[in-house]
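Data first, discussion second: the structure below is written as structure tokens.
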Amino acid sequence: MSLVRNVGTIGGLTLVSRVFGFARDMLLARVLGAGLAADAWQLAFTLPNTFRRLFAEGAFSVAFVPMYTRRLHDEEGGGDEAADHFASDVLSVFVWVLLGFSALCMIAMPGIVWLLAREYQDIPGKFELSVWLSRVTFPYLALVSLVAMFSGVLNARSKFAPGAFVPVLLNIVMIGGIVTGWYLRGDSDDDMVVAWALAISLTLAGVAQLAYMWWASRRAGVHLKIKVPSFTPEVKRLMMLMLPATFGAGIYQISQLVDTFFATSLPQGSLTLLKLADRLNQMPLGVFGIALGTAILPMLARHIQADNKSEAQRLQANAVEIAMLLCLPCAVALSICAEAFTAGIFQGGKMTPADTEIMGNIVVALVCGLPAYVLVKVFQPAFFSREDTRTPVFVAAGALLINIALNFYVVPRYGIVGLAAATAITATLNVLSLYTILQVRGWFHLTGKLAGRIARQVVATAVMGALLWWLTPALEPFWRGDALSRIWSLAALVAAGAAAFFATAYVVGALDKDLVAQLRRKRPAAASDPSN
């Protein structure tokens, strides 16, 4: 199966998942708003997801998938049977580790919540609700970690659709939880009913995801067994490989917990508004940043192994050019249309105009760092491809310390918007540091051609920004109107902005047609890397 087809499968299902995710957040905003129960739910949702990204989808997947793949394709070493035996050994240990870790965290949950949200104790019932909701949601960590393992097994066998579909399943079950909570609440104003329904639905979603992945694995011919746990040499090696990967992924996840800590110290609803605003920021970041970072790593590694410095420089320059081409207009468009998007998507029910106005300001602050968020994904592979995993971690750790210090200054003065701005500032410092190191080491430098191309992109972005600056207030009665008016007015903003940008980019030469054609020709070749 070609990589282009695999990427199309994953991309299509990811898009479906994001659509359902936006539907989930739209319902959540209207049903819960930005109050006590909403904040408690966001904290309870953040905890298992943070550990999920740190361990299951981060350190574990990075270490497990290559080891499983080597056994799977080693016919002399047993092939399918050896791979499944290794996976069964891992599963038998992994299950008990997850159960033990989850049980300990659930017991210690009052202390964990106190560390992250001690200010919740000042609001009657909020701290207690956060603790109990977090206890209900935390089993999701164990369930989704097993899902990640099965997904890795299937990905190694070129079965990408099941792993890409499980987020869709999560959003569908959670939408059902929101609707159930809204129905049970009835005419009362008890938001806790909705929060409890959401917490239960998250754990049920984990059960549904695991059942689906187990079925998909059996259908693919994978036969894993849970047996008496044994720390075999392969399992021990897996755990040793996970340690540095955990440390590397931990910097970003710790920064997310730091932001949560500061957000919980602000007025009620701040954490909810931050999480919903970040949903808009994550849309281009998730699509462009991860895609570029994933695509550039294997290609860059091949050029470096061949000691082809000119091709490595060209490839990185192309990646930077594409990143800026996609991120500059997105950042400017989101900043100008921030209130239109937040009001048009989230406002209604318990989500008030005042809430969406604050959310819009948060979006503006966050997207100021959008080019930096994506360029980090472009610059880090330059280190990873040279087997230098320490430098990006140390740079990120330094940025984290600066972020914490900056938060102590800006959060008391500028609130949740200051917190978002600090995140953007430190992300920019992070990417500038990485670029400086790359240039000093002679691994990459900004050429005059690349600088000229980015300057033309800035011109095209400015034209688009001017159009949106005029059009957004003109359409305000519509993006604040009924559902149909919101849909067509937001669609009009997106279409007008895209048309203005790409038309101007074509005229001023911001679009490198040869580069686009070259990338299209080379896509199948680049796709042959099984690590994608």
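Just so you know, all these numbers are worked out from the coordinates, no wet-lab data involved. Quick caveat, the model's predicted, so the values are computed rather than measured. With ideal geometry, Cβ positions are generated from the backbone for all residues, glycine too; neighbour counts draw on all protein chains shown.
Taking trypsin sites (Lys or Arg not before Pro) as exposed when their DSSP state is a loop state and no more than 12 other Cβ atoms lie within 10 Å, the longest site-free interval of the chain runs over 228-532.
Taking every C-alpha pair closer than 8 Å and separated by at least 6 residues, the mean separation divided by the residue count of the chain gives a relative contact order of 19 percent. Taking the fewest neighbouring Cβ atoms within 10 Å as the starting point, the ordered list for W479, W488, W470 is W470, W488, W479. When the Cα positions of S151, I112, V131 are compared along the charge dipole of the range 1-249, S151 comes out farthest toward the positive end, with charges on each C-beta of Lys, Arg, Asp and Glu.
With the charge dipole of the chain set up from +1 on Lys and Arg Cβ and -1 on Asp and Glu Cβ about the Cα centre, the Cα lying farthest toward the positive end among the listed residues S335, I304, A23 is that of I304. A run of the chain free of exposed loop cleavage sites, with GluC sites (Glu not before Pro) counted only in DSSP states other than H, G, I, E and B and at most 16 other beta carbons within 10 Å, reaches its longest extent at 77-386.
The alpha carbons of the range 405-501 occupy a box of 55, 42, 18 Å along the principal axes, longest dimension given first. Dipole size of the range 99-241 about its Cα centre, with +1 on Lys/Arg Cβ and -1 on Asp/Glu Cβ: approximately 1140 debye, rounded to the nearest 20. Checking the cross-link pairs K225/K377; K309/K377; K377/K449; K159/K227; K159/K225 against a 31 Å limit on the alpha carbon distance flags K225/K377 as lying beyond it.
With charges only on Cβ, +1 for K and R and -1 for D and E, what is the dipole size of the chain about its Cα centre, in debye, rounded to 20?
Numbers: 41 positive and 33 negative charges, 231 e Å.
Dipole of the chain, to the nearest 20 debye: 1100 debye.
Counting Lys and Arg as +1 and Asp and Glu as -1, what is the net charge of the other residues whose Cβ lies under 12 Å from the Cβ of I362? Spelling it out: positives minus negatives among the neighbours equals -3. Straight Cα distances below 19 angstrom link K350 to the lysines K126, K275, with same-chain residues fewer than 8 positions distant left out. Once the Cα-Cα distance is subtracted from the 0.36 nm per residue extended length, the W470 to I123 segment shows a gain of 120.6 nm. At full extension, A451 and S158 could sit 101.5 nm farther apart than now, given 0.36 nm per residue minus the alpha carbon distance. Between the listed residues P477, F502, G349, the Cα displaced farthest toward the positive end of the dipole of the chain, a dipole computed from Cβ unit charges relative to the Cα centre, is found at F502.
Taking the centroid of alpha carbons for each part, the range 20-42 and the range 396-446 are 29 Å apart.
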